[in-house]
Each structure stands twice: as structure tokens, then as C-alpha cells.
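Novice: Questions regarding the structure given below will be posed in turn.
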Amino acid sequence: MRTALATLFAMTLATAAFADESGVQSDPVERYQSIFTQLDTDSSQTLDTDEAAAAGLAGDSFTRLDSNGDGVLSLEEFLVLATETEDSGVQPQ
């Protein structure tokens, strides 16, 4: 799980470029929606195990987030990780 959080944090920093013209970063939900979209390489609006693995979400981490057990992560399920990351005090610069 720590690897997944570290990977997600790195991706969050990478998406800091999505700040508005005033230089203010978008809100956390928008940042993680952007990350989700980048990971969703087949544009299915879900993350399969391979796409999630690109963010370090594999095995137990993936299973824990897949709350309905359908084998893919929806945006809502992915945002659970975003909430945990934000709540852990890991804040993008």
C-alpha cells in the first residue's frame, strides 16, 4: 500500500501542471480524476488490473479498493485511495 501511495503522490506532483492560469492548483478531486483518466488507457472509464498496476495498485491494494468485486476500479472506487492519500497528510507541492 505504501508503494501505491508513493506512486500516486508522484503522479499527483506530475499533474500539478494542470493548475489554472493564476497558478492555483485544482482541487484534489480534479487532480485524481486527471490521474484516473491518464491511467485509463483504453478509455473504458474503469481501471483494469494492468492499468491499476501502473499506479502501484496490485494484489491486496487493488482488491481492497474494488469494493464491488467486479475486477475493475471505477472512478468512485479510485477516489477512495485519493481520499486516503489526502487524509494521510501527503500534499502535493
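Novice: Return the residues of region 63-86 that are open to solvent by less than 10 Å² (accessible area, probe 1.4 Å) and either over 15 Å from Glu30 (Cα atoms) or out of contact with any Pro (no Cβ under 7 Å at 6 or more places or on another chain) (or both); say none if nothing qualifies.
Specialist: Once the filter is applied, which keeps residues that are open to solvent by less than 10 Å² (accessible area, probe 1.4 Å) and either over 15 Å from Glu30 (Cα atoms) or out of contact with any Pro (no Cβ under 7 Å at 6 or more places or on another chain) (or both), region 63-86 yields Leu65, Leu73, Phe78, Leu81, Thr85.
Novice: Please name all residue pairs, on different chains or six or more residues apart, with Cβ atoms under 8 Å, provided the first residue is in region 24-53 and is without any contact (Cβ under 8 Å) to a residue 60 or more places away in the chain and the second residue is of a type outside the set (Ser, Thr, Tyr) and open to solvent by 80 Å² or more (accessible area, probe 1.4 Å).
Specialist: Pairs found: Ser26/Phe18; Ser26/Asp20; Glu30/Phe18; Ser34/Phe18; Asp48/Asp42; Glu51/Asp42.
Yes/no per residue for (1) modelled with pLDDT under 90; (2) polar (S, T, N, Q); (3) in contact with a helix residue (DSSP H, G or I) (Cβ under 9 Å, 6 or more places away or on another chain):
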{"site": "Arg2", "(1), (2), (3)": "yes, no, no"}
{"site": "Leu5", "(1), (2), (3)": "yes, no, yes"}
{"site": "Met11", "(1), (2), (3)": "yes, no, yes"}
{"site": "Gly23", "(1), (2), (3)": "yes, no, no"}
{"site": "Gln33", "(1), (2), (3)": "no, yes, yes"}
{"site": "Asp40", "(1), (2), (3)": "no, no, yes"}
{"site": "Leu47", "(1), (2), (3)": "no, no, yes"}
{"site": "Ala58", "(1), (2), (3)": "no, no, yes"}
{"site": "Leu75", "(1), (2), (3)": "no, no, yes"}
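The values are calculated or read from the model by the stated rules, or taken from the named source; none is laboratory data. Since the structure is predicted, the reported quantities are computational estimates derived from the model, not experimental observations. Using ideal geometry, Cβ is built from the backbone for each residue, glycine included, and neighbour counts are taken over all protein chains shown. We work out accessible area using only protein heavy atoms, side chains counted, and drop any ligands, DNA or RNA first. Shrake-Rupley method; radii C 1.70, N 1.55, O 1.52, S 1.80 Å.
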